[in-house]
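Worksheet: the structure to be examined is printed underneath.
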Amino acid sequence: MQRAQLADFLRRRREGIRPAEVGLADGPRRRTTGLRREEVAMLAGMSVDYVVRLEQGRSSQPSTQMLGALARALRLSDDERDHLFHLAGHRPQPADGAARLARAGLMRMLDLLGDTPALVLSDLGEVLAQNRADVLLSGDHTGYSGDRRYIVYRWFTDPATRAVCPPEEQEHRGRQFVADLRAAAGRRSGDPVVAGLVDRLRAASADFRRLWAEHEVAVRRADRKTMLHPRVGPLLMDCETLVTPDQGQQLLVLTPADAETRERLELLLVLGIEEFPTGAAGTPAR
């Protein structure tokens, strides 16, 4: 662990970010260049004291989870993220692990969307980042581990995940998930991560086995979904997907499809969060 270099790198990256780039107000009384330490702590989900100790070279070795959170908070590029891992005495995460950190450019777009629900997904359907509006809409989906971090796995193994979708749309939605996973499996032929996920889904769900056997392939770009929200009722959302050139990550943007949904979404943004558990509002409308 190169404490002095790590401290200098974190401090310079913090000072190089404008608050507006991460969705924070840049008021006239701000004296700090870039972000404040407490703002980095808030964005990374860690204590201000730990951020201070990191920047002063007095911290213990940060875990890879903490480094990932810092990389997202500071909007680091892929090269900067790898450099951060090296300075902290860790090997950069392998290809699959690195893909689990939302790209800096997508994070900036996420911040700029403001009150428009949006999230960043991996090609296997893991939610890598969400803005506040999307958390209000569908719950926080960034804290899952194991196979449950994949939306397709939860869809076929957890009835509560399907409950936010009207019964008449569930078959269609399930087919979409399977067809999208089939496309990812084709692109990543021979990848043990994808093969293992498919094998475990086939073992866990008869519905998945049935749909997988039909060999449908489709990468979703645009769609319309109905979401049954527990606080404001049904929401008809249009979904647009922007895919990175290597198809490794996606930015999903959700907009109300009619005036009634627009009013309900505006109400939801005003109400805010009232202590509902992670993922309680349902699965992202992907």
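The values are calculated or read from the model by the stated rules, or taken from the named source; none is laboratory data. Computed from a prediction, not measured in an experiment: that's the story for all the values here. Positions of Cβ are generated from backbone atoms using ideal geometry, with glycine treated the same way; all protein chains shown enter the neighbour counts.
Details
- Within region 60-84, residues that are on the phi > 0 side of the Ramachandran plot sit with their Cβ atoms under 7 Å from residues that are in a helix (DSSP H, G or I), at 6+ positions apart or across chains, in these pairs: R75/E21; R75/V22; R75/A104; R75/M107; R75/R108.
- Checklist (1) in contact with a Lys or Arg (Cβ under 7 Å, 6 or more places away or on another chain); (2) closer than 16 Å to A104 by Cα; (3) at pLDDT 85 or above applied to I17, failing item: (3)
- Candidate set from region 120-149 (those that are among the hydroxyl-bearing types (S, T, Y) and in contact (Cβ under 8 Å) with a residue 40 or more places away in the chain); member that is surrounded by the most Cβ atoms within 10 Å (Cβ to Cβ): S138
- Listed conditions (1) modelled with pLDDT of 90 or more; (2) of a type outside the set (S, T, N, Q); (3) in a helix (DSSP H, G or I) are all met by G105, apart from (1).
- Selection over region 108-121 of residues that are assigned to a strand (DSSP E or B) and over 8 Å from the mean Cα position of the chain (by Cα) gives a count of 1.
- Boolean, G68 is assigned to a helix (DSSP H, G or I), surrounded by fewer than 18 Cβ atoms within 10 Å (Cβ to Cβ) and modelled with pLDDT under 85: no
- One residue stands out among those in region 164-197 that are touching a residue at least 60 places away in the same chain (Cβ under 8 Å) and among the aliphatic types (A, V, I, L, M): the one that is farthest from D223 (Cα to Cα), which is V193.
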